[in-house]
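Asker: Sharing a structure below in structure tokens format, with a few things to ask.
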Amino acid sequence: QVQLVESGGGLVQPGGSLRLSCTCSRSILNINDMGWYRQGPGNQRELVASISSGGSTNYADSVKGRFTISRDNAKRTVDLQMNSLKPEDTAIYYCYVIFIGRSYWGQGTQVTVSS
């Protein structure tokens, strides 16, 4: 069983920054696919960013150049640094990992970008 706990969401003004963090209950050393999805109001859940065990990253076009994903195997965390936030980034952000062919999700953390 894998449990994920997210933190770092909140309310921020346009142009501001937030850092999301997700802690995994088990070692992530051999987890090759982990990252963040989001679901905005009235939208489907979409991939924001992912990172492999080797550090390769993938980003949605809408966040490239603004968001940075990173992982710390020793701390069992995957973080999402979000800069230059826009109102359209408002969503619930979910951490995920793929472990032995099964996906696991965090409970979600709300990010609201508004003046």
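The values are calculated or read from the model by the stated rules, or taken from the named source; none is laboratory data. Because the structure is predicted, anything quoted here is derived from the model rather than measured. Positions of Cβ are generated from backbone atoms using ideal geometry, with glycine treated the same way; all protein chains shown enter the neighbour counts. Calculation scope for accessible area: heavy atoms of the full protein, side chains included, ligands and nucleic acids excluded. Shrake-Rupley method; radii C 1.70, N 1.55, O 1.52, S 1.80 Å.
Asker: How many residues does the range 66-115 contain that are hydroxyl-bearing (Ser, Thr, Tyr) and either assigned to a loop (DSSP other than H, G, I, E, B) or open to solvent by 60 Å² or more (accessible area, probe 1.4 Å) (or both)?
Answerer: 5
Asker: Quick check on my filter: what residues within the range 40-55 are open to solvent by 40 Å² or more (accessible area, probe 1.4 Å) and not small (Gly, Ala, Ser)?
Answerer: Hits for the range 40-55 are Pro41, Asn43, Gln44, Arg45, Glu46, Leu47.
Asker: With Gly35, Gly16 as the choices, which residue is at pLDDT 95 or above, outside any strand (DSSP E or B) and open to solvent by less than 70 Å² (accessible area, probe 1.4 Å)?
Answerer: Criteria check complete, one pass: Gly16.
Asker: Starting from residues that are part of a loop (DSSP other than H, G, I, E, B) and closer than 23 Å to Pro87 by Cβ, keep the ones in the range 38-54 and report whichever is nearest to the chain's Cα centre (by Cα).
Answerer: Within the range 38-54, the match that is nearest to the chain's Cα centre (by Cα) is Arg45.
Asker: Return the residues of the range 19-32 that are touching an Asp or Glu at 6+ places or on another chain (Cβ under 7 Å) and buried (at least 21 other Cβ atoms within 10 Å of the Cβ); say none if nothing qualifies.
Answerer: Passing the criteria: Leu20, Cys22.
Asker: If I ask for residues that are of a type in the set (Gly, Ala, Ser), over 17 Å from Ser27 (Cβ atoms) and more than 14 Å from the chain's Cα centre (by Cα), which ones from the range 63-100 would you list?
Answerer: Gly65, Ser84
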